[in-house]
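This report refers to the structure that appears directly beneath it.
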Amino acid sequence: MASSPSPERPAHLKVTAGSPLAELFLVDHDFALVNRGIGELDCTVESGVYKLKAKLGDAIAERLVVLEGDDEIDLSAELDVSSAAPLTGAARTRDAEDIDAARIESARVDPHDGHAARIFLMSRGWDDEPSPAAAPKLTLHRPDGTLVADASSSEARGGGMAMTVGVDPGPYFLRWEDGCGLPAEQCIHAVEGWQTQLFVLDEPDDEAALGRARVSIHMGRDGFDPAEDQLHIAEQARTALADERRIAADFINEALPERLTNPMLGLFGAHLMLIARNAQLEAEEERARRDTDRLLAPVQFEQKRFDAVVDALGGFLGGDHPDVVALATQASGAVVEALPPVSAPPMLWRSWVLLIEASNLAPALVPVSVWRRTLRLLPLRPFLLWSYEEDQEVADDWTEGIAQALATAKREPKQQPGGAGPVSNVISAAQSEVSEAGGEGIAASDETRRRVSRELLAPRSAVDEVASPRES
């Protein structure tokens, strides 16, 4: 409630957004950023006209504010976060149909099936006329390709399919195809005593939501609970991570280590902590180069708290879980060479980037066989997904591209980390300088190999396989 107008004195403004992960921005009539906050905004400014903007996950709210005195504003009702999971109160959820289907089917497990872990799959189509036929096709496979489950064989409910299967702990590969025919694969990990829950939402009319509202992964002890508070926070953290948002403030840095009960929230939160760390380093470098009064994101990073989250995740998921291994490379006193090699890709894109970088210290950390499965990467962050169509030509193209990059390493980089296309297309301009590898490999220093690994997002084992002389 605004106080009586008093233009002579500054106005106190308090803004809430209903989530500790919401970003808030206050912009004046000259389009200058006046103040910003995470979770809430509490500031004193001159009376006048301002634009207030709030961002929570993929939801944005904007409001024109005329400040003539103290005021309090609540934007909670205007921030509607989309999710592939049918959460209570979330966008893209048909309360009666989707929530009941997820809650009932995720609990439908035989406690005597002999399996220590469970995987719940839910596929939904979002349209004016919901139909199971419009839902993405989901199949679950073992690493050797053996079919474990086909969600299309489950009972249709509302606008999709849902089923739960008992499995042994370990990595599994989920293949799905949306209405546009995109064949995607990702690795999900079954953990003893937990249910890994994967949701895929096909929303053909909203390409902007690709990778944010389309795929969600959660974990629970006793099935899916659409009203669980940490599930909602996890979805907000997931979309923030997809956009590389700098939101690691009080909740992520302080509350998360002590209150962590949701492993996926822990994974998202740990990576958001690292984004905050990088932001702090950038800010320090900018201040060292020049004086600046630019208003930076109010993020903090504490190594001790990050280590606590990584330790908690190791207890939940196991120390050999690929995402835990990736985060452990950034823990205090980490000895990368002592970490267990990953037997499958991680679930998150940022985990993959960390593993690739760490493989330059410990090449055995990411075997070539694990990398080869991910060659056709898809832009569906924050998860690591790729096209599962087997194509030897693509593998050969990547190998040729690594060879070309090694041979032309003195040139300026022509591809940023994470490029998804055939590497030879990007480096074709340098082909005239490529030397024949033949049976002798390509002479390349450690620094050259490290650079190629980073630029092409290829593990050191793959680079070394091309660069090292081959035995006859």
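The values are calculated or read from the model by the stated rules, or taken from the named source; none is laboratory data. Small disclaimer: the values here were computed from a predicted structure and weren't measured. All Cβ positions, even for glycine, are placed from backbone atoms using ideal geometry, and neighbour counts span all protein chains on display. Areas reflect the complete protein model, heavy atoms only, side chains present, ligands, DNA and RNA absent. Shrake-Rupley method; radii C 1.70, N 1.55, O 1.52, S 1.80 Å.
Here are the numbers for this structure:
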| read-out | value |
| --- | --- |
| Evaluation of residue 364 against (1) buried (at least 17 other Cβ atoms within 10 Å of the Cβ); (2) assigned to a helix (DSSP H, G or I) (one fails), failing number | (1) |
| Residue 58 being farther than 15 Å from residue 295 by Cβ and modelled with pLDDT under 90 | yes |
| Those residues of the stretch 227-250 which are crowded, with 20+ Cβ neighbours inside 10 Å, under 11 Å from residue 20 (Cα atoms) and touching a strand residue (DSSP E or B) at 6+ places or on another chain (Cβ under 8 Å), in sequence order | 236, 247, 249 |
| Qualifying position, being modelled with pLDDT of 95 or more and open to solvent by less than 50 Å² (accessible area, probe 1.4 Å), among 145, 181, 158, 170 | 170 |
| Residue in the stretch 336-350 that is small (Gly, Ala, Ser) and buried (at least 21 other Cβ atoms within 10 Å of the Cβ) present | no |
| Residues that are open to solvent by 20 Å² or more (accessible area, probe 1.4 Å) and over 26 Å from the mean Cα position of the chain (by Cα), drawn from the stretch 64-80 | 64, 66, 68, 70, 71, 72, 74 |
| Exclusive hit being modelled with pLDDT under 95 and among the small types (Gly, Ala, Ser), set 362, 358, 407 | 407 |
| Condition check for residue 108: surrounded by 17 or more Cβ atoms within 10 Å (Cβ to Cβ), basic (Lys, Arg), in contact with a strand residue (DSSP E or B) (Cβ under 7 Å, 6 or more places away or on another chain) and modelled with pLDDT under 90 | no |
| Wholly enclosed helices (runs of 4 or more DSSP H) of the stretch 229-313 bearing at least 1 residues closer than 21 Å to residue 57 by Cβ and touching a Gly at 6+ places or on another chain (Cβ under 7 Å) | 229-242, 256-259 |
| Search result, residues across the stretch 41-63 that are crowded, with 16+ Cβ neighbours inside 10 Å, of a type outside the set (Lys, Arg) and within 30 Å of the chain's Cα centre (by Cα) | 41, 52, 54, 56, 57, 58, 59, 61 |
| Members of the stretch 291-334 found to be more than 30 Å from residue 34 (Cα to Cα), of a type in the set (Gly, Ala, Ser) and in contact (Cβ under 8 Å) with a residue 60 or more places away in the chain, listed by number | 318 |
| Filter pass, residue 288 being in contact with a Lys or Arg (Cβ under 8 Å, 6 or more places away or on another chain), surrounded by fewer than 21 Cβ atoms within 10 Å (Cβ to Cβ), free of Cβ contacts under 8 Å to residues at least 40 places away in the same chain and not β-branched (Val, Ile, Thr) | no |
| Looking only at the stretch 310-323, and only at residues there that are aliphatic (A, V, I, L, M) and either at pLDDT below 95 or over 21 Å from residue 244 (Cβ atoms) (or both), the one that is most open to solvent (accessible area, probe 1.4 Å) | 312 |
| Single residue of the stretch 335-360 satisfying the filter (under 18 Å from residue 464 (Cα atoms), part of a loop (DSSP other than H, G, I, E, B) and touching a residue at least 60 places away in the same chain (Cβ under 8 Å)) that is farthest from the chain's Cα centre (by Cα) | 360 |
